[in-house]
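Asks: Handing you a structure now.
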Amino acid sequence: MAVIGIFDSGSGGLSVLREVVGLAPGARCIYYSDNANCPYGDKSVQFIRERSLAVCRELVGRGADVIVVACNTATSAAIGQLRSSLDLPVVGLEPAVKPAVAITRSGVVGVLATAATLKGEKYLENRQRYADRVRIVERVGRGFVELVESCRLDGDYARKVVSDSLQPLLDEGADVVVLGCTHYPFLMPLMESIAEEQGRKVRFLDPAPAVARHLMEVLGQHGIDPADAHPGVELLSSGPDDSLRRLYE
Ligand code: DGL
């Protein structure tokens, strides 16, 4: 019996929720979008920590046995504090630099993430580890979170916003682009079409499937059976929930 609590600053973590439901269809998942405070990516570490802890306490109050921080920004700012404050397993995620380094042929890896994630200690350490093997080029996906939160996943305006941050990575020769924010996979079809139009073969790495697999391992290690007597998904949010519901459909 398990209740899996999953949260993000907004709808981005739905990309993780979907994978979790795919692997554990009998689980009960409670998803919390802190969209009244979205985006987290340009907020202070202290603010992100306070919100993350408050959201986790809400999930624990609703019976969560495990928490998935389906947000790179919150993981980067708050995972240590969440683990020490909460008496349950906490799973986080970080930009998938290692798998990108393993598959690049051009030797240039692009990373798209929020400003807070790119400044985070863990990311900087990780980046340093591979610096002698590949060139890593980064950009903040400016405006990407807002596009996803307003369900604008295609069209001229979305294409312009996405191109502004993606094109510099393509120009640098990146053939693998790490999507270091859980909102960004919703824009993957648009990114793929921008790259394809230029005759470029680019792989975009979404970490959600690996996070869901890791969650299953963590449940196993803690002897938690993901099947629950009341399977299903409950969507909660701190602000209006229409785009959350639309994106989950
Ligand atoms: N989805 C988030 C992430 O993975 C946060 C985006 C934001 O709120 O800025 O980083």
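Asks: Here's a check for you: in segment 39-58, which residue that is under 22 Å from Ala2 (Cβ atoms) and buried (at least 19 other Cβ atoms within 10 Å of the Cβ) is farthest from the ligand (Cβ to nearest atom)? It would help to see each step written out before you state the result.
Replies: From segment 39-58, those under 22 Å from Ala2 (Cβ atoms) are 52-53, 55-58; that's our starting set.
After this cut, where a residue has to be buried (at least 19 other Cβ atoms within 10 Å of the Cβ) as well, the list is 52, 55-56.
On the way: Ser52: 11, Val55: 12, Cys56: 15 Å.
Among them, the one singled out is Cys56.
Asks: Out of the residues in segment 83-94 meeting the condition of being within 15 Å of the ligand (Cβ to nearest atom) and not β-branched (Val, Ile, Thr), tell me which one is surrounded by the most Cβ atoms within 10 Å (Cβ to Cβ). Let's see the steps before the verdict.
Replies: Our first condition is that a residue be within 15 Å of the ligand (Cβ to nearest atom); within segment 83-94, this holds for 91-94.
This time we only want the ones that are not β-branched (Val, Ile, Thr), so: 92-94.
On the way: Gly92: 21, Leu93: 24, Glu94: 20.
By that ranking, first place goes to Leu93.
Asks: Now, a different point. Could you pull out the residue among Gly61, Gly26, Gly22 that is without any contact (Cβ under 8 Å) to a residue 24 or more places away in the chain, more than 10 Å from the ligand (Cβ to nearest atom) and of a type in the set (Gly, Ala, Ser)? So that I can check it myself, show each step before the final result.
Replies: Details: Gly26 fails: without any contact (Cβ under 8 Å) to a residue 24 or more places away in the chain; Gly22 fails: without any contact (Cβ under 8 Å) to a residue 24 or more places away in the chain.
The match here is Gly61.
Asks: Could you list all residues from segment 22-48 that are charged (D, E, K, R) and within 23 Å of His214 (Cα to Cα)? First the steps, then the outcome.
Replies: Here is the first cut: in segment 22-48, the ones charged (D, E, K, R) are 28, 34, 42-43.
The one that is charged (D, E, K, R) and within 23 Å of His214 (Cα to Cα): Arg28.
Asks: Looking at segment 148-249, what helices (runs of 4 or more DSSP H) fall wholly within it and have at least 3 residues that are farther than 28 Å from Tyr31 by Cα and in contact (Cβ under 8 Å) with a residue 40 or more places away in the chain? Let's see the steps before the verdict.
Replies: Working: elements: 156-171, 188-197, 208-221, 242-248.
Of the helices (runs of 4 or more DSSP H) lying wholly inside segment 148-249, those with at least 3 residues that are farther than 28 Å from Tyr31 by Cα and in contact (Cβ under 8 Å) with a residue 40 or more places away in the chain span 156-171.
Asks: Could you list, in sequence order, all residues of segment 111-147 that are in contact with a helix residue (DSSP H, G or I) (Cβ under 9 Å, 6 or more places away or on another chain), in a loop (DSSP other than H, G, I, E, B) and either more than 12 Å from the ligand (Cβ to nearest atom) or modelled with pLDDT of 95 or more (or both)?
Replies: Thr114, Arg133, Val134, Gly141, Arg142, Gly143
Asks: Still on this model: So, Ala36, is that one aliphatic (A, V, I, L, M) and surrounded by 24 or more Cβ atoms within 10 Å (Cβ to Cβ) or not?
Replies: On the way: aliphatic (A, V, I, L, M): yes; surrounded by 24 or more Cβ atoms within 10 Å (Cβ to Cβ): no.
No: the conditions fail for Ala36.
The values are calculated or read from the model by the stated rules, or taken from the named source; none is laboratory data. Just so it is clear, the structure is predicted and the values come from calculations on it, not from any experiment. Here the Cβ is made from the backbone with ideal geometry for all residues, glycine too, and neighbour counts use every protein chain on show.
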